[in-house]
Amino acid sequence: MSNKAISVVFAEEQHAKYAERICQLIYESALQRGTGIAKRSPEYVAAKIKGGKAVVALEGEKLVGFSYIECWEHGDFVATSGLIVDPEYRHMGLAERIKRRTFELARRRFPYAKLFSITTSLPVMKLNSRMGYKPVTFSELTDDDEFWKGCEGCRNYDILQRNERRMCLCTGMLYDPAKEEEKHWRLKPYLMYIGNAFKKIFHLK
């Protein structure tokens, strides 16, 4: 089975037919990990797909992976969530392809938003780190009640409540485009210096 045979694309309206299968994969993943995950209905997933806020991975007509984005606080925060891969297609690097495509979608639609994720998955945390996300406390994430209401279907919701939304079993991670841009401008003089040095060494114009 080849990763190259799988297309990872921005979801379009015709992909809403996969909503039931996506919810099934999300539920099975939650059972397997035993840590709980916010429940999503087929109607909710279909709305994300039709609204241009999702990514699907397909092998021909077969749905093998999914993820979506959700904006909060009038677009100041964007969550990437619901990343799942069909068990038969794991360990192929497909999760990273889906995550990066979802990240691209979020940056295109909400270029100034802070991107965040809450997860119990170590592989997802490692992938987030490679993409520039930093671990943060929940206080740095959105305080929109509707976002946290989405956690009610998780088996660990009582932990979140007892800690007054300050902490849970999930780890919060944040990508702040403003900080990334600031980092770029701090590095730019050094990169220009290195580039000019190479030109002198190799007599380049």
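Miscellaneous remarks
- Cβ-based exposure ranking for ASP143, ASP176, ASP158, in which fewest neighbours within 10 Å come first: ASP158, ASP143, ASP176
- The stretch 1-110: radius of gyration and largest Cα-Cα distance (Dmax), Å: 13.2, 42
- Straightening the chain between ARG165 and MET131 buys 9.7 nm, computed as 0.36 nm per residue apart minus the Cα-Cα spacing.
- Kirkwood estimate for the stretch 3-201, i.e. one over the average of 1/r between Cα atoms, Å: 18.0
- FRET E, pair GLU43, VAL9, Förster distance 22 Å, beta-carbon r, rounded to 0.05: 0.50
- Per-residue Cβ neighbour rank within 10 angstrom, fewest leading, LYS50, LYS149: LYS149, LYS50
- Greater than 21 Å apart at Cα, pairs in LYS4/LYS62; LYS53/LYS179; LYS17/LYS126; LYS17/LYS53; LYS17/LYS50; LYS50/LYS114: LYS53/LYS179; LYS17/LYS126; LYS50/LYS114
- Förster-model FRET efficiency, 25 Å R0, ASP145 and GLU28, C-beta, rounded to 0.05: 0.30
The numbers here are math on the coordinates, done by the rules we state, and not lab data. Worth saying up front: this structure is predicted, and the values here are computed from it rather than measured. Heads up, the Cβs are rebuilt from the backbone with ideal geometry, glycines too, and the neighbour counts pull from every protein chain shown.
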